[in-house]
Amino acid sequence: MRWSKAYIPTVKEDPADAEVVSHKLMVRAGMMKKVGAGIYTLLPLGLVVTRKVEQIVREEMNRIGALEVFMPVLSPAELWKETGRWDVYGEELMRLKDRHKRDFVLGPTHEEVVTDLVRGPVRSYRQLPLTLYQIQTKFRDEIRPRFGVMRGREFIMKDAYSFNRDDACLDRTYKDMHGAYEAVFRRCGLAFRPVLADSGAIGGDVTHEFMVLAQTGESRVISCPNDECAYAATDETAESIIENTAATQEPRPLAKTHTPDMKTVEEVCSFLKVEPRNLVKTILYQADGEVIGALTRGDREISEPKLRRALRADVLSMADPDTVRTLTGAEVGFAGPVGLKGVKLVADKTVTSMVNCITGANKTDYHLTNVNYKRDFSGDLVGDITVVAAGDKCIRCGATLTEYRGIEVGQIFKLGRKYSVAMKATFIDEQGNETPFTMGCYGIGITRTVAAAIEQNHDGNGIIWPPSLAPYQVLVTPVAVSDEATMSVAESVYSGLCAKGVEVLLDDRDERPGVKFKDADLIGIPLRVTIGSRGLKQGTVEARIRRTGATHDVPVENAVEEIMRLLSEVY
Ligand code: ATP
Ligand code: MG
């Protein structure tokens with residue numbers, strides 16, 4: 001490809017709305033252009049890289065026997081009503097009406113469509129397991145689209161769905177997928193970790209997220225530094241041992257204290273001169289229509305995913321201020337578990353061992369002191385509903401947990417029978433019984449993977465492509481296109497490499513060398529061959545490795561062979 005014909009509109013300035021380096025570099029390198037919030041056009045360079053990720057994913061899916069299909073983006077609301085997700089998916093679901101005023105969905109994921117696809121035609125256990133996948137555009141009306149294609153409202157995903165006979169059959173497919181995902185991200189040249197995760201609203205129980213390690217990642221991963229244990233989970237899922245801070249005090253009599261206008265943990269604690277960990281925080285939620293009081297220690301946060309799981313609720317949200325006022329009889333900020341009627345209490349396990357603690361008094365401007373579990377209140381449910389923090393102890397081996405940030409590039413789920421039961425998708429098992437499929441689903445964010453690769457592979461001058469994702473393997477840069485000798489060597493190196501099947505970009509633009517070199521570093525091709533009159537006088541051209549900056553003088557006579565040899569070292 002000749003640069004003059006390639007349409008790579010590089011840009012000098014960072015886009016104003018870009019917060020992370022991959023967003024900045026994808027725009028500046030002419031890979032994509034914004035159309036609207038969270039909506040991008042992939043330009044030729046961006047598309048080539050995207051296709052490379054897709055191809056790696058396709059090969060690894062095919063290798064484990066998954067079959068590629070192409071489902072429609074548009075699906076009728078009826079399918080979503082069958083599983084109830086029409087109501088519970090929330091605002092992220094892009095809904096629209098056709099000319100007959102019928103409701104439709106722009107697919108954010110395809111469990112409903114794929115389950116509808118197999119119910120009927122797949123009748124016998126002999127046809128199982130069956131895994132179908134597609135690589136396709138997804139729509140999600142994200143509340144905060146940002147970071148370019150990392151969190152778009154329209155993005156490319158590989159989504160796969162497995163139909164299994166039973167749990168053991170699903171376990172095997174899940175393991176194959178786990179392996180295929182590791183192969184995909186390894187081949188993409190990424191540093192990543194599979195971690196235990198929360199299954200969110202999609203259902204199911206076992207799930208792993210694949211995290212690309214990056215400071216700018218939106219996900220917090222809690223991990224055990226003990227290599228033999230290697231426990232790693234997202235902060236929404238991770239469990240830990242939180243050190244017990246119960247003092248060896250005798251319970252004192254319950255008392256009410258005036259705390260005028262003290263609503264936050266910090267205000268109350270500094271006013272009463274106690275540590276936040278002596279306070280029990282009470283937060284009211286609405287869970288599937290019921291009001292819940294969630295209790296944890298004052299120095300810790302409630303984990304909504306854990307709370308939702310503990311309650312087995314589909315939808316969880318904070319109770320609105322009016323509900324709080326009605327149920328507690330007090331302003332927001334003074335709720336407490338003692339004597340709170342009409343609210344189901346969920347206590348974190350840490351709360352049960354606290355002695356003489358502080359809680360809201362369910363009376364504006366008052367708190368209770370010397371509150372004791374069991375004597376003064378009890379949880380209707382006790383469990384782990386607290387966000388884990390670095391410094392807690394590992395639930396498996398007791399080592400001190402650490403924390404890192406990651407970008408979720410993929411997730412695999414054991415769904416079980418949630419969708420097949422709801423949609424009456426069954427097959428005849430070996431005993432002749434009508435049985436719902438056991439299912440799994442498996443996603444990879446293709447465009448997010450491209451961005452994640454840049455987050456991990458760049459320097460101050462631009463992108464440094466992992467070789468497997470590079471849009472071109474070699475960039476041939478003639479310093480001055482007006483110089484005939486230079487151009488003739490450039491053309492022969494270019495055509496020589498092309499003939500060997502190498503993907504080559506020839507920078508044939510009539511630009512100053514400084515501009516060409518800057519652009520070269522920006523778009524990040526692994527190997528650049530610079531052809532200039534000075535080198536040609538010595539009979540050489542210069543090969544430069546983008547990642548290391550190392551340069552090699554290569555004799556003109558066997559330039560193509562030498563470049564091929566250097567390439568094999570890079571790849
Ligand atoms: P997130 O927690 O980041 O919102 P998710 O868990 O909702 O993502 P999944 O339903 O697991 O996403 O989708 C599978 C994959 O699709 C994700 O692992 C991610 O790589 C990608 N993905 C999800 N949402 C987006 C988005 N808005 N833009 C780009 N890629 C996305
Ligand atoms: Mg996910």
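The values are calculated or read from the model by the stated rules, or taken from the named source; none is laboratory data. A quick note: this is a predicted structure, and the numbers were derived from the prediction, not measured. Because the Cβ atoms are built from the backbone with ideal geometry, glycine has one as well, and the counts that use them run over all protein chains shown. Accessible surface is based on the protein model in full, side chains and every heavy atom, while ligands, DNA and RNA are left aside. Shrake-Rupley method; radii C 1.70, N 1.55, O 1.52, S 1.80 Å.
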Point to revise | Gain on full stretching of the segment that runs from SER492 to LYS537 - 0.36 nm per residue minus C-alpha separation | key: 14.5 nm
Practice item. With a 10 Å radius around each residue's Cβ, average the other Cβ atoms per peptide and rank 145-153, 458-466, highest first. Key: 145-153, 458-466
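Give the calculated FRET efficiency between PHE70 and LYS273 to the nearest 0.05, with a Förster radius of 60 Å applied to their Cβ-Cβ distance.
Values: r = 66 Å, r/R0 = 1.09.
Computed FRET efficiency for PHE70 and LYS273: 0.35.
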Study note, to complete from the structure: About its Cα centre, the stretch 390-529 carries a charge dipole, from +1 on Lys and Arg Cβ atoms and -1 on Asp and Glu Cβ atoms, whose size in debye to the nearest 20 is 800
Point to revise | Residues with amide H under 5 Å from that of PHE427, placed H, sequence gap 5 or more | key: THR435, PHE437
Check your understanding: Once both labels are modelled 7 Å past Cα along the beta-carbon direction, what's the VAL421-ARG146 spacing in nm?
Key -> 3.9
Exercise for review: Tell me the label-point distance for the pair ASN244, ARG51, using the 7 Å Cα-to-Cβ offset, in nm and rounded to one decimal.
Suggested key: 6.3
Exercise for review: Starting from the Cα of LYS97, draw a straight line to each of the aspartates and glutamates and keep only those under 15 Å, dropping any in the same chain fewer than 8 residues away.
Suggested key: GLU78
Practice item. Tally the DSSP beta bridges in the chain and give the antiparallel ones as a percent, rounded to 5. Key: 80
Point to revise | Förster-model FRET efficiency, 22 Å R0, LYS12 and SER482, C-beta, rounded to 0.05 | key: 0.35
Review point. Taking the Cα centre of the stretch 270-393 as the origin, how large is its charge dipole in debye, to the nearest 20, when only Lys and Arg (+1) and Asp and Glu (-1) carry charge on their Cβ atoms?
Key: 420
Study note, to complete from the structure: Cα extents of the chain along the principal axes, largest first, in whole Å, come to 95, 65, 54
Check your understanding: Tally Lys and Arg at +1 and Asp and Glu at -1 over the other residues with C-beta under 15 Å from the C-beta of CYS224: what net charge comes out?
Key -> -2
Point to revise | Placed amide H near VAL556: partners under 5 Å, 5+ positions off or other chain | key: THR540, VAL541
**Study point:** Per residue, in Å², the accessible surface of the chain once ligands and nucleic acids are set aside, probe 1.4 Å
**Key:** 45
Revision key, fill the gap. Share of accessible surface on carbon and sulfur in the chain, whole %, 1.4 Å probe and ligands ignored, is 50
Check your understanding: For TYR571 and GLN215, what does the FRET efficiency come to when R0 = 35 Å and r is the distance between their Cβ atoms, rounded to the nearest 0.05?
Key -> 0.80
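As a check on your grasp of the helix formula, calculate [θ] at 222 nm for the chain: sum -39500 (n - 2.57) over DSSP H runs of n ≥ 4, divide by the residue count, round to the nearest 500.
Helix contribution divided over all residues of the chain: -8000 deg cm²/dmol.
With Cβ to Cβ distances under 14 Å as the rule, what net charge do the other residues near TYR366 carry (K, R +1; D, E -1)? Can you show the working numbers first?
Values: positive: LYS256, LYS263, LYS363; negative: ASP261, GLU267, GLU331, ASP365.
My count for the surroundings of TYR366 gives -1.
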**Study point:** Extension gain (nm, one decimal) between ASP98 and ALA230, 0.36 nm per residue minus Cα-Cα
**Key:** 42.4 nm
Review point. Summing Lys, Arg as +1 and Asp, Glu as -1, what charge do residues with Cβ under 11 Å from the Cβ of LYS256 carry, LYS256 excluded?
Key: 0
Study note, to complete from the structure: The rounded separation in angstrom of the Cα centers of the stretch 506-571 and the stretch 1-70 is 24
Revision key, fill the gap. Row for the stretch 6-86, column shape: gyration tensor on C-alpha, a ≥ b ≥ c, rounded if a/c < 1.5 i.e. under 1.5, prolate if a/b over b/c, else oblate; value oblate
Review point. Given 0.36 nm per residue, what is the gain on full extension from ARG186 to THR41 after removing their alpha carbon distance, in nm?
Key: 49.5 nm
Review point. Among 509-520, 475-486, how do they line up from the highest to the lowest mean number of other beta-carbon atoms within 10 Å?
Key: 475-486, 509-520
Point to revise | When each of LYS158/LYS393; LYS33/LYS175; LYS158/LYS500; LYS33/LYS138; LYS52/LYS537; LYS281/LYS393 is checked by Cα-Cα distance, pairs over 27 Å | key: LYS158/LYS393; LYS33/LYS175; LYS158/LYS500; LYS52/LYS537
Revision key, fill the gap. For GLU91, placing the label point 7 angstrom along Cα-to-beta-carbon and taking the stretch 307-322, residues whose amide nitrogen sits under 11 Å are none
Study note, to complete from the structure: The aspartates and glutamates whose Cα lies under 19 Å from the Cα of LYS516, excluding any fewer than 8 residues away in the same chain, are GLU13, ASP14, ASP459, ASP483, GLU484, GLU491, GLU503, ASP507, ASP508, GLU542
**Study point:** Leading residue at positive end of dipole, the stretch 472-570 (Cβ point charges), from LEU522, LEU506, VAL554
**Key:** LEU522
Exercise for review: Determine ³J(HN,Hα), in whole Hz, for all residues of the stretch 11-17 in sequence, where each value follows from phi through the Karplus function 6.51 cos²θ - 1.76 cosθ + 1.60 and θ = phi - 60°; x replaces Gly and Pro.
Suggested key: 10, 7, 8, 5, x, 4, 8
